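Visitor: Sending over a structure as structure tokens; questions will come in a sec.
The values are calculated or read from the model by the stated rules, or taken from the named source; none is laboratory data. All values reported here derive from a predicted model rather than from experimental measurement. When we count neighbours, we look across all protein chains shown, and the Cβ atoms used for this are built from the backbone with ideal geometry, even at glycine. What goes into the accessible areas is simple: the full protein's heavy atoms, side chains included, and nothing from ligands, DNA or RNA. Shrake-Rupley method; radii C 1.70, N 1.55, O 1.52, S 1.80 Å.
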Amino acid sequence: MYILDSSAFINEYHTDEPIASIPLVREELEDESAYRFDALEGSGMHMHIPEPETVERVERAADETGDLAELSQTDVRLIAAAFELDGRLVTDDYAMQNVSEKLSVAVEVIAQDGIDEQRDWRFQCQGCGREFDENHDRCPICGSNLSRKNPA
Ligand SMILES: [Zn+2]
């Protein structure tokens, strides 16, 4: 079971494992990421509400690691949900990773390599040689074809 935090929905995290989240995450999401949450809930994502004792246990652990001030109510409950479900927490938040480690909750860090790679592409006109950040059907200056150029 993978427990998804809000950044997982925002970054379109995908896994074939069964997934779960908590209702508070839905309240942090807007627009496309909120639709993604609803669609995943509709197709079987488990909604989990952790027990108050587990929430307290997470807060104590966060206090010990010095991360308590960094964590929201949502963050604490996500860690508690992952703990109760014996699942893997999906997050890119460092404080949440730290407290999870303290409680022996497995963490899956959201990889953002794909996004960076896309950002580096440039396109060069085969006619006049001008370079563009975005692809066009044809060069807006001279009308020749563009080709993708690998970052140096
Ligand atoms: Zn051109």
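Visitor: How do 86-99, 34-47 rank on mean C-beta neighbours within 10 Å, highest first?
Guide: My ranking of the peptides, most packed first, is 86-99, 34-47.
Visitor: Rounded to a whole number, what % of the accessible area of the stretch 2-109 do carbon and sulfur atoms account for, probe 1.4 Å?
Guide: Carbon with sulfur: 43 percent of the solvent-accessible area.
Visitor: Additional query: Ordered by packing density, taken as the mean number of other Cβ atoms within 10 Å over each peptide's residues, highest first, how do 62-75, 124-137 rank?
Guide: 62-75, 124-137
Visitor: So what does the Cα-only Debye profile of the stretch 8-138 read at q = 0.16, 0.18 Å⁻¹, as log10 I(q)/I(0), no solvent term?
Guide: Debye curve over Cα of the stretch 8-138, log10 I(q)/I(0) at q = 0.16, 0.18 Å⁻¹: -0.82, -0.98.
Visitor: Can you send over the solvent-accessible area of residue 102, 1.4 Å probe, protein chains only, in Å² to the nearest 10?
Guide: 100
Visitor: Which order do the peptides 1-7, 20-26 come out in when sorted by mean C-beta neighbours inside 10 angstrom, highest first?
Guide: Going by the mean number of other Cβ atoms within 10 Å, highest first, we get 1-7, 20-26.
Visitor: Taking Cα centroids, how far is the stretch 1-47 from the stretch 50-113 in Å?
Guide: First find each Cα centre; the distance between them is then 17 Å.
Visitor: To continue, here is another question. Find the accessible area per residue for the stretch 2-109; the probe is 1.4 Å, ligands and nucleic acids are left out, and the unit is Å².
Guide: Here the per-residue accessible area is 54 Å².
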